[in-house]
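To start, the structure itself, in structure tokens.
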2 protein chains.
Amino acid sequence: MTTLPEKRLAYVPKIPQALQHLLHVRCEADPSSPNVRPEIADLFPHLHTTPSYRIVSGAAAKKAPLKVGVVFSGGPASGGHNVLAGLFDALGQIHPASQLVGFVGGFSGLINNRCKALSLEQIDAVRNQGGFDLIGTGRTKLESMEDMQKAHAALHSFDALVVIGGDDSNTNGALLAEYLLSQGSKTAIIGVPKTIDGDLRSRDIELSFGFDSACKTYAELIGNICRDALSTRKYYHFIKLMGRSASHIAVECALLTQPNLTIIGEERKSLAQIVQDIADLIIRRKAVGKEFGVILVPEGLIEFMPEMGALTGELSRGVLPEKLCPKDRATWDLLPEKIQSQLRNSKDPHGNVRVSQISTEELLIQLVKKELVARNFQGSANFQEHFFGYEGRSCLPTNFDANYAYSLGVLGALAARDRVTGVICAIRSLKETPDQWIPVLSSLVPMIHLEERNGLKKPVIAKVLVDVKGAYFLSFSTHRNQWALEDNYRFPGPIQFFGDTALTDSCPRILELTSVYTPST
Amino acid sequence: MTTLPEKRLAYVPKIPQALQHLLHVRCEADPSSPNVRPEIADLFPHLHTTPSYRIVSGAAAKKAPLKVGVVFSGGPASGGHNVLAGLFDALGQIHPASQLVGFVGGFSGLINNRCKALSLEQIDAVRNQGGFDLIGTGRTKLESMEDMQKAHAALHSFDALVVIGGDDSNTNGALLAEYLLSQGSKTAIIGVPKTIDGDLRSRDIELSFGFDSACKTYAELIGNICRDALSTRKYYHFIKLMGRSASHIAVECALLTQPNLTIIGEERKSLAQIVQDIADLIIRRKAVGKEFGVILVPEGLIEFMPEMGALTGELSRGVLPEKLCPKDRATWDLLPEKIQSQLRNSKDPHGNVRVSQISTEELLIQLVKKELVARNFQGSANFQEHFFGYEGRSCLPTNFDANYAYSLGVLGALAARDRVTGVICAIRSLKETPDQWIPVLSSLVPMIHLEERNGLKKPVIAKVLVDVKGAYFLSFSTHRNQWALEDNYRFPGPIQFFGDTALTDSCPRILELTSVYTPST
């Protein structure tokens, strides 16, 4: 019997016109020089003048076989295997004797030189499939000079290494590119923007791959739960969504499903205010005869709550709960025991509280229950918790992600051929059809700034948060009052791969609504 | 922009040949007399001789307009709206002046006579859509004589009431049918088998509607998680699946996704043994270099554990933990504090422990962690918990469920026309294509037996459990050892509605594998 994954193997990704004949295009430096902060330029003495590149018509520079390495870094995102397929096919087109070598299990595979040459048969088995399993992934970073030296040694015979990762992994890529230049190495380091979180963006990077598939999978489930809530009219569903600090996934899912309340971390409301908001919602809905609803909660919410930030800051500095200042102590006393225990016990090796380990949805439910009692609420409020994350990172990629990731792979091969280093593959005009997409190679260093991590200033690519003044946020927030009381739920249903292209090839709302990138902090 | 739900509105359900021309068929009593237990016959003096009915060729008895009521009872199952659509369309075909009236919010709508006449426009808006929201549902039962009298009054002008529900709701339907007969009422009571759990089955009822859509939705998510586990190689995912006592959903999902371990309640293993099994799995996988895996846990697992059964029995009888017999006390002491507290606090109004409220997956994780420490396990074992339930009850129905539920609705209208009471709509040969399906009206009383509930013997339709000697279970259990160590995961992906019918119209495995129904226990 044929299965859907088998059917998807046969899908041919659509790519930009500019990438359809690699032998007739080349990478050309963008004349506008990169705008790099001085303190960053000091950290990247060789790389900071690297320009971005456009893809222009012209005969290819050389036709020798290429040897290109590739590594996944961080959590899976749908489309990863298509980056490999795009790279593989394009390298073969550039020269049939080219080689694609996967480093296994993330940067640790690079450091320990665990790698495997990828065959056509292996690539054919993962076309348009979810997951990163062909070569695996990992969370190891290149941190020490020793790591850099080992990576250098592992790459000595390579023309390029393609790093498929998020903000931290691409920062690592830039640092490696700088190190290799300093050692006189000719190996190019080329990034590919991967993350479901949607927080790796720039003027050139309109979106990372994986966001669309993850959001559409979560939206399927949220829509199903909305319909269930509407049918049984007895539960408030609290749905926590993966996405680290930024609330892009929550906004996208809110636009796709129109639940009663979506909390957005970037609004920086206090915990007390959010609890008030939810209690208000429940009381207002009760007044119109509704004792059910659906509430979306972004994973990173706690980080933005002023009083929780103050509290976790104190705890991270080693202050014991008994010794907290009165204000933080009041916050601490407000918290359910389980959350207090999580705050005590979820510390990283540097003593910092891991806010991602806090059960935000449970915290909110407990406090809302208390608040409803305090307000003498006479209705019934029953809660169900959900957390959607792992379900959407390794799913079959949507056509959008399949096309986009494959195109990024092809672009990576072109960058490798033209030996462009310190750049990240990017595609502009993503809301147009793929043939109109505009591939560029965007210089990494201008994206980097200094950020305090564990007390040290470190160069990192800044996460892009939801702009609470931008069209994307506003297109959702202007409907909030309406969605709160009326049930304007949408039920998008499962991702479709066949039939009407309006369904199968739709692009994420984030692209339709944020045509111009505006950084927010 | 077109959406998937809009596209699905246009889908035309496929129905059995026997239901395509209602004016040329009629219900004919099956000559074989029903086999009813004497103690049940006593409870149904008027109804116990009711035969089952076949659909045969022949001129229709009458062509007067019909007034038919319909009610959903219990949790949603995908296809519910198609039962309404099938009823509506068939009633219109029988006589254009016929009326379909929905009782709102379950049996409480019937008791309180809250109802609405359904229009074509309303029906057209929910064709092939998930949920029960057009008329809502509820968990109220018809328990007292007063309830029966009120239902009788509400139905006095009706030709029939169609009860769309599971085992308890259809038991209620049978009791109401008996009561109406005893009162000389001519209103027919006609059941429709609804539940995602797959536990409402008989010789005639091969499956309830909703099971297929729920299992395929859960399997999509489980497959995604399997692929994620395989990509990151760092987590054991414990996935609890809705389904009440029976483990049918777990078996179906295991066959669709092939995870490393699926625990089946009906094997009646002890808690201690299950913890051993999981610890063994983790240790054996570590030996082959794997520190990840996926484990399915049915919601009803605890009910089947002998030592938990004994313990909850004692607690339900009001024995305090301190006063338990040594054996039960040993079980109690084994449990994590949270589970002890759930056992203390999750009691129904009769004092019975609500085992469905126990966090089985957390219980297992805690005990497995302890066991691994006791065995001096040197690897890493990180756990993630999931619970899939509400996501799959109100999703867009698969073609199978859309066809099946619609056909059940058409059959219900035919039963109403021919005033057949005390039966449940059923379709045989479901694994064939819909045109070959064989509709029957199956007598309810023979399905009923006496069961102790809260100390009283009550007539109920027996839940059908997984037959651990049947082909369905064996087709999964024979692969268990292989799936435990090798990663033979399958990634079925999201439900598809367009394209190859091998994908869109597939029937659930439970039908392929259990051609003949064998009751277990």
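For this structure, a couple of remarks:
- B:GLY223 crowded, with 24+ Cβ neighbours inside 10 Å, within 17 Å of A:GLY131 (Cβ to Cβ) and at pLDDT 95 or above: yes
- For segment B:195-209, the criterion of a residue being over 30 Å from B:SER443 (Cβ atoms) and in contact (Cβ under 8 Å) with a residue 24 or more places away in the chain is satisfied by no position.
- Among the candidates A:ILE438, A:ILE461, residue that is within 18 Å of A:ASP199 (Cβ to Cβ), touching a strand residue (DSSP E or B) at 6+ places or on another chain (Cβ under 9 Å) and away from every other protein chain (no Cβ under 14 Å): A:ILE461
- Pairs with Cβ under 6 Å, 6+ apart, first in segment B:2-28 and more than 17 Å from B:LYS63 (Cα to Cα) and within 14 Å of chain A (Cβ to nearest Cβ), second assigned to a helix (DSSP H, G or I) and of a type outside the set (Phe, Trp, Tyr): B:THR2/A:ALA502; B:LEU4/A:LEU503
- A:GLU391 being closer than 30 Å to A:PHE209 by Cβ and within 13 Å of chain B (Cβ to nearest Cβ): yes
- Meets criteria (under 30 Å from A:TYR390 (Cα atoms) and acidic (Asp, Glu)) for A:ASP89: yes
- Unmet requirement for A:LEU503, which otherwise passes all of (1) within 14 Å of another protein chain (Cβ to nearest Cβ); (2) touching a Leu at 6+ places or on another chain (Cβ under 9 Å); (3) in contact (Cβ under 8 Å) with a residue 24 or more places away in the chain; (4) closer than 30 Å to A:ASN128 by Cα: (3)
- Within segment A:153-171, residues that are in the same structural domain as A:ILE190 (by TED's automatic domain parsing) sit with their Cβ atoms under 7 Å from residues that are surrounded by fewer than 23 Cβ atoms within 10 Å (Cβ to Cβ) and of a type in the set (S, T, N, Q), at 6+ positions apart or across chains, in these pairs: A:ALA154/A:ASN113.
- Looking across A:GLY351, A:GLY309, one residue alone is outside any helix (DSSP H, G or I), assigned by TED's automatic domain parsing to the domain that holds A:HIS248 and either at pLDDT below 95 or surrounded by 14 or more Cβ atoms within 10 Å (Cβ to Cβ) (or both). It is A:GLY351.
- Breaking point among (1) over 25 Å from A:ALA29 (Cα atoms); (2) of a type in the set (Lys, Arg); (3) not in a strand (DSSP E or B), for A:LYS457: (3)
- Output for segment B:87-104, where each listed residue is part of a loop (DSSP other than H, G, I, E, B) and under 23 Å from B:GLY136 (Cα atoms): B:SER98, B:VAL104
- Pair list, Cβ under 6 Å, 6 or more apart: segment A:112-134 residue within 15 Å of A:ASN82 (Cβ to Cβ) and away from chain B (no Cβ under 14 Å), other residue crowded, with 16+ Cβ neighbours inside 10 Å and modelled with pLDDT of 95 or more: A:LEU118/A:LEU100; A:LEU118/A:GLY102; A:ILE123/A:ALA85; A:ILE123/A:PHE88
- Residue that is farthest from B:ILE295 (Cα to Cα) [pool: residues in segment B:185-218 that are among the aliphatic types (A, V, I, L, M) and within 14 Å of another protein chain (Cβ to nearest Cβ)]: B:ILE196
- Single condition A:LEU474 does not satisfy, out of (1) free of Cβ contacts under 8 Å to residues at least 24 places away in the same chain; (2) within 14 Å of chain B (Cβ to nearest Cβ); (3) not small (Gly, Ala, Ser): (2)
- Being at pLDDT 95 or above, in contact with a Lys or Arg (Cβ under 9 Å, 6 or more places away or on another chain) and aliphatic (A, V, I, L, M) holds for only one residue in A:LEU485, A:LEU444, and it is A:LEU485.
- Answer residue from segment A:258-306, given it is at pLDDT below 95 and charged (D, E, K, R) and is surrounded by the fewest Cβ atoms within 10 Å (Cβ to Cβ) among those: A:GLU303
- Within segment A:352-369, being without any contact (Cβ under 8 Å) to a residue 24 or more places away in the chain and within 16 Å of A:LEU281 (Cβ to Cβ) holds for one residue alone: A:LYS369.
- Residue in segment A:425-433 that is surrounded by fewer than 24 Cβ atoms within 10 Å (Cβ to Cβ), among the small types (Gly, Ala, Ser) and touching a helix residue (DSSP H, G or I) at 6+ places or on another chain (Cβ under 7 Å) present: yes
- Here B:LEU181 passes the criteria (1) surrounded by fewer than 22 Cβ atoms within 10 Å (Cβ to Cβ); (2) in a loop (DSSP other than H, G, I, E, B); (3) touching a His at 6+ places or on another chain (Cβ under 7 Å) except the one numbered (2).
- Where B:SER359 falls short, out of the listed (1) within 13 Å of chain A (Cβ to nearest Cβ); (2) within 30 Å of B:ASP89 (Cα to Cα): (2)
- The listed residues are B:ILE190, B:ILE205, and the only one of them that is outside the structural domain of B:SER380 (by TED's automatic domain parsing) and touching a Pro at 6+ places or on another chain (Cβ under 6 Å) turns out to be B:ILE205.
- Qualifying residue in segment B:75-92 (condition: assigned by TED's automatic domain parsing to the domain that holds B:ASP204, more than 25 Å from the chain's Cα centre (by Cα) and among the hydrophobic types (A, V, I, L, M, F, W, C)): yes
- Every residue from segment A:219-234 that is at the interface with chain B (Cβ under 8 Å from one of its Cβ atoms), in contact (Cβ under 8 Å) with a residue 12 or more places away in the chain and in contact with an Asp or Glu (Cβ under 7 Å, 6 or more places away or on another chain): A:LEU221, A:ASN224, A:ILE225, A:ARG227, A:LEU230, A:ARG233
- In the set (1) among the β-branched types (Val, Ile, Thr); (2) closer than 19 Å to B:ILE40 by Cβ; (3) out of contact with any strand residue (DSSP E or B) (no Cβ under 8 Å at 6 or more places or on another chain), the condition left unmet by B:ILE196 is number (2).
- Any hit, segment A:486-493, residues being surrounded by fewer than 20 Cβ atoms within 10 Å (Cβ to Cβ), without any contact (Cβ under 8 Å) to a residue 60 or more places away in the chain, assigned by TED's automatic domain parsing to the domain that holds A:ILE295 and not in a strand (DSSP E or B): yes
- Inside segment A:53-73, residues that are in a loop (DSSP other than H, G, I, E, B) and either surrounded by 24 or more Cβ atoms within 10 Å (Cβ to Cβ) or in contact with a Pro (Cβ under 7 Å, 6 or more places away or on another chain) (or both) make up a count of 1.
- Check on A:GLY105, surrounded by 20 or more Cβ atoms within 10 Å (Cβ to Cβ) and within 12 Å of another protein chain (Cβ to nearest Cβ): yes
The values are calculated or read from the model by the stated rules, or taken from the named source; none is laboratory data. Model, not experiment: these values are computed from the prediction. Don't worry about glycine lacking a Cβ; one is built from the backbone with ideal geometry, like all the others, and counts go over all protein chains shown.
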